[in-house]
């Protein structure tokens, strides 16, 4: 009876210890997808998306543009979008 409990505890410890790595993989792949979509939407390649660029290429960003544009400068950067996505 004691052996199966030890195995369950060990299994739980293994799952618990690798869960941060799984989360990192999800964040990494999400950020990669965001970067690719950002590059495609950034038509003038200035590293910024205006509301018009976001509406054309990243509609979910456009829908939340004012909350992503935290400094209110009229454009969003990849870093701002990733910060919002990682919240």
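The values are calculated or read from the model by the stated rules, or taken from the named source; none is laboratory data. Not measured: the values here are computed from a predicted model. With ideal geometry, Cβ positions are generated from the backbone for all residues, glycine too; neighbour counts draw on all protein chains shown.
Candidates are the residues of segment 47-63 that are surrounded by fewer than 17 Cβ atoms within 10 Å (Cβ to Cβ) and either assigned to a helix (DSSP H, G or I) or at pLDDT below 95 (or both); the one that is nearest to the chain's Cα centre (by Cα) is 60.
Within segment 1-46, can you find the residues that are within 22 Å of residue 87 (Cα to Cα) and modelled with pLDDT of 85 or more? Hits for segment 1-46 are 29, 30, 31, 32, 33, 34, 35, 36, 37, 38, 39.
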